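Participant: Have a look at this one.
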Amino acid sequence: MGRHRIMGANGRVLIAAVGVAGVAALAAVWTAQAGSVETEPNAAPKPKPIVGQTSKPDPELPDPVVNMDIAHASDKGSKGVNITIDDGPDPTWTPQVLQVLKANGVKATFCMVGPQAQAHPDLVKAVVAAGHRLCDHSVSHDTTMATKSRAYQSKEILDARRMIIKASGGVKPLYYRAPGGAFTPYSRQIAASQGMRPLGWNVDSKDFKQPGAAAMVNTVKNEISSGPTVLFHDAGGDRGQTVEALRQVLPWLKQQGYSFGFPVR
């Protein structure tokens with residue numbers, strides 16, 4: 001037995017008449033107590049920063065797992081072109097678009113509306129089988145989404161994602177394109193938390209106005225220097241002009257030294 005000077009967890013000096021074994025036991029207890037004060041074993045780990053992301057995530061929302069900045073660049077670099085096809089799939093026009101892409105050896109990104117994917121799972125699977133990528137384009141194609149509630153935005157994005165995944169046989173969309181570009185910081189983070197990079201565009205062919213194939217081709221030729229991501233549609237109306245424009249502009253882009261890739265992730 002002896003008197004031992006021992007520091008307690010609260011910083012006070014305690015004097016106890018204990019044996020060596022008792023001292024060791026008390027020290028172990030105090031060490032454990034001190035550790036429980038200084039650490040938070042149940043705290044969630046901080047998310048790793050995403051390289052290249054400039055947007056600041058909202059800590060109250062699910063963490064993004066891909067970059068939540070809107071993508072425009074191509075994974076093929078400065079001479080890359082991203083062909084993106086919106087609003088389908090459509091039983092009349094999607095097969096024709098797929099045929100033109102195949103004839104030119106081009107892979108594209110198809111931004112699908114949820115109910116269209118749900119209605120035509122065979123076409124979704126055909127898009128995937130041909131090596132193209134999928135993109136979530138919402139449920140309702142509501143171009144005023146940015147003015148709606150968070151609950152509405154989330155439902156539009158996540159319900160469409162589920163529809164596309166089911167229609168594809170389990171293939172997940174890698175991008176989210178807001179209808180009309182109606183992104184919000186909230187919608188971008190929700191999409192990125194599900195592995196979908198927000199996707200913009202640089203060149204709008206304006207095929208939805210049906211200006212004629214020649215006008216669409218000239219738009220691409222005149223504007224491709226402003227950025228690589230080109231917007232076309234395979235649904236939402238008669239897309240015969242779009243099919244013809246693609247038939248003409250894809251070989252031209254190759255002749256100019258461009259290669260076809262996918263939007264950066």
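Participant: Out of VAL100, VAL113, I need the residue that is within 29 Å of SER193 (Cα to Cα) and of a type in the set (A, V, I, L, M). Which one?
Facilitator: When all the criteria are applied, what remains is VAL113.
Participant: OK, next. Could you list, in sequence order, the residues of segment 171-215 that are polar (S, T, N, Q) and under 16 Å from the mean Cα position of the chain (by Cα)?
Facilitator: Once the filter is applied, which keeps residues that are polar (S, T, N, Q) and under 16 Å from the mean Cα position of the chain (by Cα), segment 171-215 yields THR184, SER187, GLN189, SER193, GLN194.
Participant: Can you pull out every residue in segment 76-124 that is over 20 Å from ALA160 (Cβ atoms), within 22 Å of the chain's Cα centre (by Cα) and of a type in the set (A, V, I, L, M, F, W, C)?
Facilitator: Residues satisfying the conditions are VAL81, ILE83, VAL106.
Participant: Can you name the residue in segment 183-206 that is of a type in the set (D, E, K, R) and either open to solvent by less than 10 Å² (accessible area, probe 1.4 Å) or not in a loop (DSSP other than H, G, I, E, B) (or both) and, of all such residues, is farthest from HIS137 (Cα to Cα)?
Facilitator: This residue is ASP204.
Participant: Among what's in segment 136-170 and is of a type in the set (A, V, I, L, M), open to solvent by 20 Å² or more (accessible area, probe 1.4 Å) and under 16 Å from GLN116 (Cα atoms), pick the residue that is nearest to the chain's Cα centre (by Cα).
Facilitator: LEU158
The values are calculated or read from the model by the stated rules, or taken from the named source; none is laboratory data. If you're wondering where the values come from, they're calculated on a predicted model, not measured in any experiment. Glycine also receives a Cβ, built like all others from the backbone with ideal geometry; neighbour counts cover every protein chain displayed. These area figures cover heavy atoms from the full protein model, side chains too; ligands, DNA and RNA do not enter into them. Shrake-Rupley method; radii C 1.70, N 1.55, O 1.52, S 1.80 Å.
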